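See below for the structure under consideration.
The values are calculated or read from the model by the stated rules, or taken from the named source; none is laboratory data. Just so we're clear, the structure is a prediction, and the values are computed from it rather than from any experiment. Positions of Cβ are backbone-derived with ideal geometry, glycine not excepted, and every protein chain shown enters the neighbour counts. SASA here: full protein model, heavy atoms, side chains in, ligands and nucleic acids out. Shrake-Rupley method; radii C 1.70, N 1.55, O 1.52, S 1.80 Å.
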Amino acid sequence: MMARRLVIAGICLAVLIAAVAIVLDQMAGKPGPSARSESSVSPSATTTATSGAPTSSGEIPGGAGNPASGSPASGSPTSGAEGSSSGDGSAGDEGPSTSKPLEVLPPVTGTPTGLPEPSAPAPLITGALPAPGSAAGEVVDGWPAGVLTLPEGTTIGSTSVSTSGDVLQVAADGIIAKPQAEVLASFRQSLVSHGFWSEAAPAADGAMAERFVRGTDTVTVSVVTTGTGNSRFQLLGSLHAAAD
């Protein structure tokens, strides 16, 4: 009798253990509160999360202050970053300009001071200009003897005059028994007395030349030494005349 009771008690205990195991197994298969909370999220929240808008635990997407379109609320760090990036990026990179503004000088209102330009000298030749012509061995008619004096002792080769507007052009050549320097000195003495100044002029090897200038009047004399030791000169000049 005692053995039968033990068998029955063992069977009952086995049935109870099996029942408890089944209950525990069912409880382990059911989802917890957090899983149910996540599964209860509305489709709009899922769409918002998919579009890339930031969501936080406990916030309901699409509610007041959090538009359903996923745009961040004003004042949020994201909107501040977008505001800074929407400006001119180059200005933010370069920083404030350190270049100085150009200085513009005021216009000159005063009259320039200084020496006045020298006035042109009066023409040395007045009256009607002579007719063009030339002469051999003598001074041609119309030669400006009052301005151009040939050195004393000159053997004249030829002389000529011509005109171009109000300019008298003269030419002469001759031989004189003097050194080159003395021939040039004779012309210099004559022309300087009329207001000319002199300067050296280009000359061929073995020759000497000098240029005489007075305003727009010019006379050039070159001298070479002949085989006999004499000096031969050539003269070219342009003298302006007074207008009629």
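A few points about this structure:
- Checklist (1) without any contact (Cβ under 8 Å) to a residue 60 or more places away in the chain; (2) among the charged types (D, E, K, R); (3) within 16 Å of Ala242 (Cα to Cα) applied to Lys178, failing item: (3)
Rundown of residues vs (1) at pLDDT 95 or above; (2) open to solvent by 50 Å² or more (accessible area, probe 1.4 Å); (3) within 18 Å of Ile125 (Cα to Cα), yes/no style:
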residue: Asp173; (1), (2), (3): yes, no, no
residue: Ala185; (1), (2), (3): yes, no, no
residue: Pro202; (1), (2), (3): no, yes, no
residue: Asp217; (1), (2), (3): yes, no, yes
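- Selection from the range 192-244 of residues that are touching a Lys or Arg at 6+ places or on another chain (Cβ under 9 Å), within 23 Å of Asp166 (Cα to Cα) and of a type in the set (S, T, N, Q): Thr218, Thr220
- None of Ser164, Ser198, Ser134 is of a type in the set (S, T, N, Q), exposed (fewer than 15 other Cβ atoms within 10 Å of the Cβ) and within 21 Å of Pro121 (Cα to Cα) except Ser164.
Listed here are the residues, each with its yes/no results for (1) open to solvent by less than 40 Å² (accessible area, probe 1.4 Å); (2) without any contact (Cβ under 8 Å) to a residue 40 or more places away in the chain.
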{"site": "Asp205", "(1), (2)": "no, yes"}
{"site": "Met208", "(1), (2)": "no, yes"}
{"site": "Phe212", "(1), (2)": "yes, yes"}
{"site": "Val224", "(1), (2)": "no, no"}
{"site": "Gly227", "(1), (2)": "no, yes"}
{"site": "Phe233", "(1), (2)": "yes, no"}
{"site": "Leu236", "(1), (2)": "no, no"}
{"site": "Ala242", "(1), (2)": "yes, no"}
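- Residues satisfying the stated conditions in the range 147-161, i.e. touching a Lys or Arg at 6+ places or on another chain (Cβ under 8 Å) and open to solvent by 40 Å² or more (accessible area, probe 1.4 Å): Gly153
- Checking Ala145 against (1) in contact (Cβ under 8 Å) with a residue 40 or more places away in the chain; (2) of a type in the set (Gly, Ala, Ser); (3) assigned to a loop (DSSP other than H, G, I, E, B), the condition it does not meet: (1)
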